[in-house]
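First the structure, which I've put down as structure tokens, then a few questions once you've had a look.
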Amino acid sequence: MEGKEQRVTVMFDGIADQPGDLPCFVCGIMGAGGMGTLNLVCNEKVCADEAVTMFGKGAEALQHDAMGMLKVGVCDAHSFNMDALASYAHDKGFLTREFIQKARGVVAPHRATVKNRCNSCGVSGVRKGKITGIAFLCRYCKGKGYTEIRYTPFESLTKVEGITEVLGCHSKAEQGDDVERVSYQEFLGGKIPKISQKKINPDE
């Protein structure tokens, strides 16, 4: 409608980790390592078509029964951007051009990468075939002899507003007079209360 920002109603339908056939919705690269696909369901295909126009790149509209299916591609380097987009679609139930741009601009926290020895091929990058002298690329490391593990290094605890005390138990069912308590400031300073050994009935 004129005067109002265009929005498309969607329903979050999960993220497929396997490589897809769409370019990344952030950088537009096709076939980058770790490609995945965000799946969203629309009321009808025409709505999915509208969403594709809003994305400009990295999105595809498909017909799924009587519904429309919107697929959005992402590369490994921009998985954090996909998480932001998926979270918004899940929480709000719609997408707008403005938020798509915001999701593209999200800066991921510092992530480290380590190379892990590929045990599948014995760090050789290949596996022998039945024909003498012939080898095939290892399907797990794709010939590199290693796989990459990406992680976000821990820096510090995130402060949560409204907390004054931390109890040494995991739930209200374990709470008792003997449960150790520390102030939230002490907890943030590194003091962790001793965890209660109280046994609970999971059916309570």
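The values are calculated or read from the model by the stated rules, or taken from the named source; none is laboratory data. What you see is a predicted model, and the numbers here were worked out from it, not measured in a lab. Here the Cβ is made from the backbone with ideal geometry for all residues, glycine too, and neighbour counts use every protein chain on show.
Taking the conditions exactly as written (out of contact with any Ser or Thr (no Cβ under 8 Å at 6 or more places or on another chain), on the phi > 0 side of the Ramachandran plot and surrounded by 10 or more Cβ atoms within 10 Å (Cβ to Cβ)), does Val123 satisfy them or not?
When the stated conditions are applied, Val123 passes them.
Residues in segment 66-78 that are out of contact with any Leu (no Cβ under 9 Å at 6 or more places or on another chain) and crowded, with 18+ Cβ neighbours inside 10 Å: how many?
2
Return the residues of segment 1-38 that are at pLDDT 85 or above and in a strand (DSSP E or B); say none if nothing qualifies.
Val8, Thr9
For Lys142, work out the one condition from (1) touching a strand residue (DSSP E or B) at 6+ places or on another chain (Cβ under 8 Å); (2) modelled with pLDDT of 75 or more it doesn't fulfil.
All conditions are met except number (1).
Only residues in segment 184-204 that are within 18 Å of Ile163 (Cβ to Cβ) count as the first member; pair them with residues that are exposed (fewer than 11 other Cβ atoms within 10 Å of the Cβ) and at pLDDT 90 or above, Cβ under 8 angstrom, at least 6 apart or cross-chain, and list the lot.
Within 8 Å, the pairs are Tyr184/Thr164.
Now for a separate question. Can you pull out every residue in segment 133-148 that is loosely packed, with under 12 Cβ neighbours inside 10 Å and either closer than 13 Å to Val123 by Cβ or touching a residue at least 12 places away in the same chain (Cβ under 8 Å) (or both)? Steps first, answer last, please.
Residues of segment 133-148 that are loosely packed, with under 12 Cβ neighbours inside 10 Å, as a first pass: 133-134, 136, 139.
Matches in segment 133-148: Arg139 only.
Residue check, Phe55 against (1) in contact with a helix residue (DSSP H, G or I) (Cβ under 7 Å, 6 or more places away or on another chain); (2) more than 17 Å from Pro23 (Cα to Cα), all met but one. Which one?
Condition (2) is where Phe55 drops out.
Kindly establish whether Ile200 is surrounded by 11 or more Cβ atoms within 10 Å (Cβ to Cβ), among the aliphatic types (A, V, I, L, M) and modelled with pLDDT of 90 or more.
Values: surrounded by 11 or more Cβ atoms within 10 Å (Cβ to Cβ): yes; among the aliphatic types (A, V, I, L, M): yes; modelled with pLDDT of 90 or more: no.
Criteria not met by Ile200.
Tell me which residues, restricted to segment 149-169, are among the hydrophobic types (A, V, I, L, M, F, W, C) and loosely packed, with under 14 Cβ neighbours inside 10 Å.
Answer for segment 149-169, where residues must be among the hydrophobic types (A, V, I, L, M, F, W, C) and loosely packed, with under 14 Cβ neighbours inside 10 Å: Ile149, Phe154, Leu157, Val160, Ile163.
Tell me, which residue of segment 145-172 that is of a type in the set (A, V, I, L, M, F, W, C) and within 26 Å of Asn116 (Cα to Cα) is modelled with the lowest pLDDT?
Going through segment 145-172, the residues of a type in the set (A, V, I, L, M, F, W, C) turn out to be 149, 154, 157, 160, 163, 166-167, 169.
The next check asks that each one be within 26 Å of Asn116 (Cα to Cα); those that pass are 149, 154.
Details: Ile149: 83, Phe154: 77.
The extreme case among them is Phe154.
Sticking with this one: Tell me which of these Val74 doesn't satisfy, since it passes every other one: (1) modelled with pLDDT under 85; (2) in contact with a strand residue (DSSP E or B) (Cβ under 8 Å, 6 or more places away or on another chain).
With respect to (1) modelled with pLDDT under 85; (2) in contact with a strand residue (DSSP E or B) (Cβ under 8 Å, 6 or more places away or on another chain), Val74 is out only on (1).
From the residues in segment 109-159 that are of a type in the set (Phe, Trp, Tyr) and under 19 Å from the mean Cα position of the chain (by Cα), which one is nearest to Asp76 (Cα to Cα)? Walk me through it before giving the result.
If we filter segment 109-159 for residues that are of a type in the set (Phe, Trp, Tyr), which is where we start, we get 136, 140, 146, 151, 154.
Checking which are under 19 Å from the mean Cα position of the chain (by Cα) leaves us with 151, 154.
Numbers: Tyr151: 12, Phe154: 20 Å.
Looking at the filtered set, the residue picked out is Tyr151.
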